[in-house]
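Below: one structure, written as structure tokens.
The values are calculated or read from the model by the stated rules, or taken from the named source; none is laboratory data. Given the structure is predicted, the values throughout are model-derived calculations rather than measurements. Don't worry about glycine lacking a Cβ; one is built from the backbone with ideal geometry, like all the others, and counts go over all protein chains shown. We work out accessible area using only protein heavy atoms, side chains counted, and drop any ligands, DNA or RNA first. Shrake-Rupley method; radii C 1.70, N 1.55, O 1.52, S 1.80 Å.
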Amino acid sequence: MAHSLEQLSGRLLIQCRPADAEAVLAIAKEHETGIVLTGTSPETTVRRLRDRGFDGPILCDADRYSGRKRARARWGTHPAWSRRQRELDLLPLTDSGYLPPRDLIGLRTILRAAARDPQPVVAVLPLAARWFAKPAIADALTREINAFEAPVALVLEHAKDPFGAQYLLRGFLRLLATSTVPVALLRSDVSAIGVLCHGAHAAAVGTTSALRHLYPVTARGGAARPGVSPFVTRLLGYHRLETCADLFAATPDMAHLWDCSCPVCEGAAPDWLENADAPAEAAFRHSLHCLFALKTELFRHCRTREQLLSAWHEACSHALFVHDQLAETMERWNRPANLRSWYAVTDDPLPHRTEIPSSRAEQRDRRAHRDLRDVAGPAAVLDGRCDQLPQPAQQHDRQLAGRRADPGRAQ
């Protein structure tokens, strides 16, 4: 098998529909990563990618677990789906159905099918958020995963952002810490980088909002159709183009924070994407370049687990600081739930960052920016410079700690 589980280790993957595979091909090649194709007929797309010279990992997510007509996990998986992937020389993913809370029969059905296969198979576990609602349930989930000894790829259902719920983030991180098999994450956003820092085997970021989430089925049919939302690095999040335009216009004194040096924007602020020939495609290409730049910046200088945890914690802290500055200017500006959760649930094991080498950009500017070192986190040096922010980082940390300690403001 050309692409094994080991070759996925530490990778930030790109999850897309087959129709967008050509658009992500150059990005996957440039960043030496893999692609997760989402759909039930991947053969033509896989062969086309190989013919175009792409030799990175390709995974195939059948996506039977989403939508109003989603399959249930206890209905079982299809061995033929795994055979089709092996015929393409791929590491197979199970074509799992959805796992409602406490569905141990469905969970064991998926895990047993993966474990019984004589060749490696990754068990896809599309989980309702309530699997993590209580420690006893989350621990039972981990015990089942460990008992069957098959690698797993989790998909987390939530009406908004699963990592915006503190109980879910705690449970997921506990699963990562106690699992004895590789754990990957599919259909995510910037939190994919966070889980990689915390030890996930691999994580996939989606090209569209639908591929960055698993929405619950509701009487109204699920989440509203999203607009075009590019990733804004300094905010560690996706924001609709119209929001970006209003934000950038309202903060001329912070314009240096919004300029983007990715190959799509070439120094412009990402609100220009509204005028691109294909705004949706341009937006996800921009977003992917920014996410890979962020991942590279965090991992480049971190050689231990503690350094990675510290780097991600600092990135979240720095982004929350910028959000706090925006709240003073923008009416009804909310601090993102996922960043608040990451900051509240995790701790910085290296609060003084003394063991983490500074970036080349920081080394160049050390003398001129000596007083800014405490506020220039990883996200602040992505474009090669340290930017002065109008509030000391120590004061910001005290404010965040106060919010974290206030149970009335917990998410």
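Leaving ligands, DNA and RNA out of it, rank Phe299, Phe248 by accessible area with a 1.4 Å probe, largest first. Write down the numbers at each step before the final one.
On the way: Phe299 55, Phe248 25 Å².
Largest accessible area first, the residues go Phe299, Phe248.
For segment 258-291, the set of GluC sites (Glu not before Pro) satisfying both a DSSP loop assignment and a count of at most 16 other C-beta atoms within 10 Å is given as Glu266. By definition, a body whose alpha carbon gyration tensor gives a ≥ b ≥ c is oblate when a/c is 1.5 or more and a/b is not larger than b/c, and segment 118-160 fits this oblate description.
Please report, in whole Å³, the volume per residue of the convex hull around the C-alpha atoms of segment 1-92.
On the way: hull volume 10.0 nm³, N = 92.
Spread over its residues, the Cα hull of segment 1-92 gives 108 Å³ apiece.
Coupling constants for segment 74-89 follow from the phi torsions by the Karplus curve (6.51 cos²θ - 1.76 cosθ + 1.60, θ = phi - 60°), and in residue order they are 6, 6, x, 10, 10, x, 4, 5, 5, 4, 4, 5, 5, 4, 8, 6 Hz; glycine and proline get x.
With a Förster radius of 41 Å, plug the Cβ-Cβ distance of Glu266 and Glu149 into 1/(1 + (r/R0)^6) and report the FRET value to the nearest 0.05.
Working: r = 48 Å, r/R0 = 1.17.
The pair Glu266/Glu149 has a calculated efficiency of 0.30.
Probe radius 1.4 Å, ligands and nucleic acids left out: which of His301, His286 has the largest accessible area, and how do the rest follow? Please list the in-between numbers first.
Details: His301 30, His286 0 Å².
Ranked from most to least accessible, the order is His301, His286.
Working from label points 7 Å from Cα in the Cα-to-Cβ sense, the His78 to Arg300 distance is 4.5 nm. Seen through its C-alpha gyration tensor, with square-root eigenvalues sorted a ≥ b ≥ c, segment 231-345 comes out oblate because a/c lies at 1.5 or above while a/b is not bigger than b/c. Extension gain for Asp259-Asn275 works out to 4.1 nm (0.36 nm per residue, less the C-alpha to C-alpha distance). Semi-axis lengths, largest first, of the ellipsoid equivalent to segment 5-211 are 25, 19, 16 Å, with √(5λ) applied to each eigenvalue of the Cα gyration tensor.
Hey, what did segment 124-164 get for relative contact order, percent, Cα under 8 Å, at least 6 apart?
Working: 29 pairs, mean separation 24.5, N = 41.
After rounding, I find 60 percent.
Highest average first, the peptides 313-325, 135-147 ordered by how many other beta carbon atoms sit within 10 Å of their residues are 313-325, 135-147.
When you filter the trypsin sites (Lys or Arg not before Pro) in segment 54-108 for DSSP loop state and at most 13 other Cβ atoms inside 10 Å of their Cβ, you are left with Arg68, Lys69.
Label-to-label distance, Asp89 versus Leu104, with points set 7 angstrom from Cα along the beta-carbon direction: 4.4 nm.
For segment 164-215 and segment 256-289, what is the separation of their Cα centres, given in Å? About 25 Å separates the Cα centre of segment 164-215 from the one of segment 256-289.
What FRET efficiency comes out for the pair Ala327/Thr180, r = Cβ-Cβ distance, R0 = 35 Å, nearest 0.05? My answer for the efficiency is 0.20. Close amide H partners of Arg11, meaning residues 5 or more places away or on another chain with modelled amide H under 5 Å apart, are Ala203. Excluding residues on the same chain fewer than 8 positions from Lys160, give the lysines whose Cα lies under 27 Å from its Cα. Cross-link targets: Lys69, Lys134, Lys295. A cut-off of 5 Å between modelled amide H atoms, ignoring neighbours fewer than 5 places along the same chain, links Ile35 with Ile14, Ile58, Leu59.
Size check on segment 147-232: the Cα extents along the three principal axes, sorted descending, read 39, 31, 23 Å.
Relative to the current alpha-carbon distance between Ser41 and Gln7, full extension at 0.36 nm per residue lengthens the span by 9.9 nm. Between Glu22 and Val217, residue separation times 0.36 nm minus the direct Cα-Cα distance comes to 67.2 nm.
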